[in-house]
Structures are given as C-alpha cells and as structure tokens.
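Structure first, then comments.
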Amino acid sequence: MAVHAHPDDESSKGAATTARYADEGVDVLVVTLTGGERGDVLNPAMDTPGVAERMPEIRRQEMAAAARILGVRHTWLGFVDSGLPQGDPLPPLPDGSFATVPPAEATEALVRVVREFRPHVMTTYDENGGYPHPDHIRCHEVSVAAFELAGDHVRFRSAGDPWTPLKLYYNHAFSRRRLDRFKAEFVARGEPFPLAEWLDRIARRPDDMDRVTTWVECAKYFPVRDDALRAHATQIDPNGNFFAIPMELQQQVWPTEEFELARSRVATDIPEDDLFAGIDPARYL
C-alpha cells in the first residue's frame, strides 16, 4: 500500500517500484488522501479556459489514467486538498481541508482502508513530508498512526477487523547524491547540466540518501513511471525537470529507487534490495 497526499505524488515518488511489484503479481494499492483540488495548472499547454474551474474532475481523470499505466489499484480517502500557503506570515489553511481535520478522523479513515486491503508493506513520506506541504506532513503523521493502530483490537472498532502490517517505508525520491552522479556524467560529456538550479537549491539541505536503507532495482519501469507522470497533464510539464535527464542515462547510472525502513515487525538485514525482505511467504502470505 502506497499512501500519498495528492494525485501525481504516486507517479513522482516510488512509481517505478510500485509498477515493478504490480507487474510481478503483487497486489498494489495506491491510497490518495486528498483530491488535489487546489493544485495549480503547472503545464502551460493545459492552462486554457475552463481547466481551473474543472480541476477536481480533471484530477480524478488524471489519477485514473496514471493508475492504469502503473498497473495498480487505487482509492481516494476523500479529504480536501489544503493548498500550499504562501506569504509571510503564512495565511491560515482553508477550513475543512485535510491538514485542518482532526488527526484521529483521518487516521481512522486510513485504518479502515488498511484493514480492508490488508497490506504487508506500506510506504509514505518521512516527517518532513518530502517537502513541507501541510498535506504531506499530515500524510506522514496519519500513515504512521495507521500502521501502528490498524492491528489494535481496541482502537477504531467500527473500522473493520484488525490487521497488522509488517513494514513501513519512507520514500526518498530526490537525493543530492543522485543529482551529483548525473551532473558528473554531463560534465564528463562536456554538456551543461540541465538540473543545476535544482541541485543548488537542495545542496543546502541534509541529503536524504544518508537515511536510505533499501535500494529497489526498477530501471525497466522508468518509462512506465514517466508515462504515469505525463498522465497528470495539469501538474506535469512534459518539457520540465522530471524529463531533463535522458532515459538511457537514468537507467544506466542510477537504476534504483530508494526507501527508508521506518518500522519493521520482521527481522531483516540492512541494506535491503526488496521491500518484502524478511517477510516469509510461508508464514505471512
């Protein structure tokens, strides 16, 4: 079960991994906590009359297309996008939006899905949300709480029969070390690095790669990931940064996606190359 804040997050964070597992026969469910209603139109080609007014409907259509491309099941948790506040001081979040809903309410809703789907592995964001969007941070909080409480026989009794997931991972999609490797390849070729500004921006932050425990080889599914990204046409510019590194170079230089094992109820050896490492099929599947 991959838990995400908005439609398109599932295609930019761990998408090749979910596509790989789905293709290998694993039952994969993407849970999107909000409808992404307050997303801006970030693709100039889609910035046409009527698109912004139909954003909730369009984002549902885009999410359905991305799920088909990835080969995964999908469900909405039903909360409303909080938007990304701007300004100093920051304005209050819209009433009723996901980040303003009592955490217990959102946790119970996700626990219900966990108990219904019965995943062995869950993925979500770390405590920083991947980036400090209020919905991403709340997604982290709710996902961790649901992982801990879904198996509790006392909490949320009306949310279905208890189920205890075995492992919880955080996605780490945008590391400085990864971009440094790509930059070195461009320098060796005598070509300008197209993501220099992005690299400079994250150079001032701690590198998420220092937290990674698990490298999943999934280069074969990078084209699937990119097709799923492009399905989110209002949010993803096909000429933007996500597609600036040639596919062949990505597959050759950095053929994995990275995760941090945050919780585990089974014994496993670090580093891992499989989200299901330590899970004995004879016992748990």
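The values are calculated or read from the model by the stated rules, or taken from the named source; none is laboratory data. Only a predicted model underlies this, so the values are computations on that prediction, with no experimental measurement involved. Every residue, glycine among them, receives a Cβ derived from its backbone with ideal geometry; neighbour counts consider all protein chains shown.
In the stretch 58-104, which residue that is out of contact with any Leu (no Cβ under 6 Å at 6 or more places or on another chain) and of a type in the set (D, E, K, R) is farthest from residue 135 (Cα to Cα)?
Ranking the candidates gives 68 first.
Could you tell me which of the residues 216, 144, 187, 224 is farther than 29 Å from residue 40 by Cβ and assigned to a helix (DSSP H, G or I)?
It is 187.
Residues in the stretch 9-47 that are among the polar types (S, T, N, Q), surrounded by fewer than 24 Cβ atoms within 10 Å (Cβ to Cβ) and in a helix (DSSP H, G or I): how many?
Residues meeting the conditions: 1.
Is there any pair linking a residue in the stretch 99-126 that is within 20 Å of residue 266 (Cα to Cα) to one that is of a type in the set (Lys, Arg), with Cβ under 8 Å and at least six apart or on different chains, and which?
Qualifying pairs under 8 Å: 120/167; 121/167; 122/167.
Return yes when residue 75 is surrounded by fewer than 17 Cβ atoms within 10 Å (Cβ to Cβ) and within 12 Å of residue 10 (Cβ to Cβ) and no when it is not.
Considered against the rule, which asks whether it is surrounded by fewer than 17 Cβ atoms within 10 Å (Cβ to Cβ) and within 12 Å of residue 10 (Cβ to Cβ), residue 75 comes out as yes.
Quick one: residue 33 ticks every box in (1) touching a strand residue (DSSP E or B) at 6+ places or on another chain (Cβ under 7 Å); (2) more than 20 Å from residue 142 (Cβ to Cβ) bar one, so which box is it?
Failed condition: (2).
Got a number for residues in the stretch 127-141 being in contact with a His (Cβ under 7 Å, 6 or more places away or on another chain) and either without any contact (Cβ under 8 Å) to a residue 60 or more places away in the chain or at positive phi (or both)?
3
Considering only the stretch 49-90, how many residues are over 21 Å from residue 114 (Cα atoms), modelled with pLDDT of 95 or more and in a loop (DSSP other than H, G, I, E, B)?
Final tally of qualifying residues: 2.
Residue check, residue 128 against (1) farther than 28 Å from residue 81 by Cα; (2) modelled with pLDDT under 95; (3) outside any helix (DSSP H, G or I); (4) not aromatic (Phe, Trp, Tyr), all met but one. Which one?
Of (1) farther than 28 Å from residue 81 by Cα; (2) modelled with pLDDT under 95; (3) outside any helix (DSSP H, G or I); (4) not aromatic (Phe, Trp, Tyr), only one is false for residue 128: (1).
Can you tell which of 154, 144 is free of Cβ contacts under 8 Å to residues at least 12 places away in the same chain and out of contact with any helix residue (DSSP H, G or I) (no Cβ under 8 Å at 6 or more places or on another chain)?
After applying the criteria, what remains is 154.
Just to be sure before I move on: is residue 229 in contact with a Ser or Thr (Cβ under 9 Å, 6 or more places away or on another chain), part of a helix (DSSP H, G or I) and crowded, with 20+ Cβ neighbours inside 10 Å in the structure I sent?
yes
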